[in-house]
Amino acid sequence: MRRGGQLPVAVAVCGLLLTPLTTAGAEDRAQLAGQLAIRVDQVGYPLAATKVAFTDAKGARFELRRSSDHKVVFKGKLEAAQTDANSGDQLRAADFSRFRKAGTYYVSVPGLGRSWNFAIGSNIFDRAYYLAMRGFYGQRCGTAVDLGSEFPGYSHPICHQNGEFHVSSGASGRLVNKGGWHDAGDYGRYVVNSAFASGTLLWAWENYGKNIEHIALKIPETGNGTPDILNEVRWNLNWMLQMQDTDGGVWFKQTSEHFSGFVSPEDDHLPSEVIGTGAPAYKSTCASADLAAVGAIAARTYQKYDAAFAKQALDAARHAWIWAEKNPNATFRNPAGVSTGEYGDAHCGDEQLWAAAELFRTTGEKVYGDYLVQHSAEYLSGLDSPPAESWASLAARGLWAYALSGRKSADPVVVAAIRARTVAAARKVVERTRANPYRISMEAKDFVWGSNGVAAEYGVYLLMANQFEPDAAFVDAARDNLHYLLGRNTFSLSWVTQLGEHPFQHPHHRPSGSGKQPGPWPGLLSGGPNAGRQDVVLAAMAKDLPPAKMYADQQESYASNEVCLNWQASLVFLLAGELQY
Ligand SMILES: [Zn+2]
């Protein structure tokens, strides 16, 4: 579908756009049309990086103008039009890479209009990282949360202070286990998804600590001598550790039996239940292996700051590992009477692989290394089709952890295979990204539930390839996927709340939907376009919409507009990797 004067249905029917469209004058309407037709990264572009905007296929020339006085600072020719199969858009690239002066600018196309404002400069993604990490703070459960004077009114009193064992857990009675992060738009806490998020954030610290250590997150622990990203992750780890039974096994989730209404966290009074599989051994293999993996990472990352906690995490990880080995087939399905998130996963072998690799990386012990080598052949081929990383698919995380272990006892053949296959696959992704009219790595098949997380995970994959074989092409392609998330997409929409001039407004997120704050909670990544259409909003959209268009900025569209810990963490990793530019 070619973009004309008409707005895409999904954006036009809701959100802030409605107000200017119905009440603003002709001049404002023309400006908005330009802002939607000229897609830029609304955060901006690093000084020395490739800088490209994409416009509708009108016009021949473009200008870069300084926002403060509208002075033209750069002129260029639009590149030849290309049709983007994912969205149906016809696009021309406006490349202003040669312009290298810091400031705030917009792209102007005579006859089409002007773009949103954006920055060119150094440390361009610092604030995006700050807001995205504060997004985790806002999800904290079991405590009062307050974003402070920067976002007045974005606060809530303490929530979910009482836990109890559900009949499916094999235990009974009360449990005092406050903590963790609300998972997504709901108030549930799920070990597997929070483990993916926690592991990814700890990896961001391990890989890019130098990039992010200067950014204080202004959370209650700031200034305690521990890096803030570790402070934030620990809030969740403390809860995860309490989900471990005395036999080492880990219960799957702690949620109410069904989802609450769209109320603020403190107003959700449904009992918070520790939910198990409903039959012996009650705990979950995937959850136990995930705790083993994340506990092992925590043992490395917190050692310098809190050795006692590092030991506690490693002990828990070893204990969970043994339980998962003894109980390899304890998969989870919602027990009778429970309808909260299922995070269904019939295969926990990849979670065990990840656990083995992280335990090996932390301890160097043979038993863990042997496990990984024995099972590596089963998973190596998965590296050939990136990204596929999510809470249910952790083999690449495991293989990478092994390859990055630096242990002399690591099998050199396996390490070489992991590195070579990752780099080879990333090279193909780079080629595809360069050829894509929006310069993203996404293919039609990637517009699934949480597709923005897929875009971010392409970035993670490319950055990991860069660890194995440093190449600016990997970093650039990763950044191109970040540009897509921050506004260079068919909707000209920043998919991070309160970031950029035109961010999405209506996340499927109970605190944001409670009506207690003036807008959505800041720093949260939307799930993104989803051709699976699993909600009524998407199902009602035109059948011939291309996959990248299947998105609605509506609270009701949980299948395209929910926020979630896993893709939030992938975004943070990508930002951390790009922060040095
Ligand atoms: Zn809570």
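Each row is one residue, and each column tells you yes or no for (1) in a helix (DSSP H, G or I); (2) closer than 22 Å to D553 by Cβ; (3) open to solvent by 10 Å² or more (accessible area, probe 1.4 Å).
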| residue | (1), (2), (3) |
| --- | --- |
| I418 | yes, no, no |
| A426 | yes, no, no |
| S441 | no, no, no |
| K445 | yes, no, yes |
| N452 | yes, yes, no |
| E457 | yes, no, no |
| L462 | yes, no, no |
| Q467 | yes, no, yes |
| P470 | no, no, yes |
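Filtered by the rule that a residue be within 17 Å of V294 (Cα to Cα), among the acidic types (D, E) and surrounded by fewer than 20 Cβ atoms within 10 Å (Cβ to Cβ), the stretch 198-256 gives a lone residue, E206. Residue count for the stretch 383-393 satisfying the condition of being part of a helix (DSSP H, G or I) and open to solvent by less than 50 Å² (accessible area, probe 1.4 Å): 1. Only one entry of T200, T222, T143 meets the criterion of being in a helix (DSSP H, G or I), β-branched (V, I, T) and either touching a Leu at 6+ places or on another chain (Cβ under 6 Å) or modelled with pLDDT of 95 or more (or both), and that entry is T200. Counting only residues that are surrounded by fewer than 24 Cβ atoms within 10 Å (Cβ to Cβ) and within 16 Å of the ligand (Cβ to nearest atom), the stretch 172-181 holds 5 of them. Taken together, the residues in the stretch 262-301 that are touching a residue at least 24 places away in the same chain (Cβ under 8 Å) and either among the aliphatic types (A, V, I, L, M) or within 16 Å of the ligand (Cβ to nearest atom) (or both) amount to 23. Against the list (1) in contact (Cβ under 8 Å) with a residue 60 or more places away in the chain; (2) open to solvent by 70 Å² or more (accessible area, probe 1.4 Å), the condition V52 fails is (2).
Among the residues making up the stretch 543-581, a single one is among the aliphatic types (A, V, I, L, M) and open to solvent by 30 Å² or more (accessible area, probe 1.4 Å): L545. Here is the figure for the stretch 499-530: residues that are under 19 Å from the mean Cα position of the chain (by Cα) and part of a loop (DSSP other than H, G, I, E, B) total 17. State all residues of the stretch 111-140 that are away from the ligand (no atom under 14 Å from the Cβ) and assigned to a strand (DSSP E or B); if no residue qualifies, say none. The answer is G113, R114, F118, A119, I120, G121. A search for C-beta distances below 9 Å between a residue of the stretch 424-450 that is touching a residue at least 40 places away in the same chain (Cβ under 8 Å) and on the phi > 0 side of the Ramachandran plot and any residue that is of a type in the set (K, R) and buried (at least 18 other Cβ atoms within 10 Å of the Cβ), counting only pairs 6+ apart in sequence or on different chains, returns R439/R488. Among the residues of the stretch 99-110, those identified as assigned to a strand (DSSP E or B) and within 30 Å of the chain's Cα centre (by Cα) are G103, T104, Y105, Y106, V107. Which pairs do you get when a residue that is closer than 21 Å to F262 by Cβ and surrounded by fewer than 22 Cβ atoms within 10 Å (Cβ to Cβ), found in the stretch 517-542, comes within reach of a residue that is small (G, A, S) and at pLDDT below 95, reach meaning Cβ atoms under 8 angstrom, with the pair 6+ apart or on two chains? Final answer for the pair search is none.
Scan the stretch 394-412 and give yes if some residue there is open to solvent by 20 Å² or more (accessible area, probe 1.4 Å) and not in a loop (DSSP other than H, G, I, E, B), otherwise no. Within the stretch 394-412 (the criterion being open to solvent by 20 Å² or more (accessible area, probe 1.4 Å) and not in a loop (DSSP other than H, G, I, E, B)), the answer is yes, since at least one residue qualifies. For the stretch 157-171, give me each residue that is within 15 Å of the ligand (Cβ to nearest atom), open to solvent by 20 Å² or more (accessible area, probe 1.4 Å) and not in a loop (DSSP other than H, G, I, E, B). Answer for the stretch 157-171, where residues must be within 15 Å of the ligand (Cβ to nearest atom), open to solvent by 20 Å² or more (accessible area, probe 1.4 Å) and not in a loop (DSSP other than H, G, I, E, B): just E164. Among the residues of the stretch 116-131, are any at pLDDT below 95, open to solvent by 70 Å² or more (accessible area, probe 1.4 Å) and more than 30 Å from N211 (Cα to Cα)? Taking every residue of the stretch 116-131 in turn, none turns out to be at pLDDT below 95, open to solvent by 70 Å² or more (accessible area, probe 1.4 Å) and more than 30 Å from N211 (Cα to Cα). When the stretch 77-115 is limited to residues that are without any contact (Cβ under 8 Å) to a residue 60 or more places away in the chain and of a type in the set (D, E), the one that is most open to solvent (accessible area, probe 1.4 Å) turns out to be E79.
Quick grid of which residues meet (1) small (G, A, S); (2) modelled with pLDDT under 95:
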| residue | (1), (2) |
| --- | --- |
| L353 | no, no |
| L359 | no, no |
| T363 | no, no |
| W391 | no, yes |
| Y402 | no, no |
| R407 | no, no |
| P412 | no, no |
| V423 | no, no |
| A435 | yes, no |
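The values are calculated or read from the model by the stated rules, or taken from the named source; none is laboratory data. Just so you know, these numbers come straight off a predicted model, no measurement behind them. In this analysis, Cβ positions are derived from the backbone assuming ideal geometry, glycine residues included, and neighbour counts consider all displayed protein chains. The area values use the complete protein model at the heavy-atom level, side chains included, leaving out ligands, DNA and RNA. Shrake-Rupley method; radii C 1.70, N 1.55, O 1.52, S 1.80 Å.
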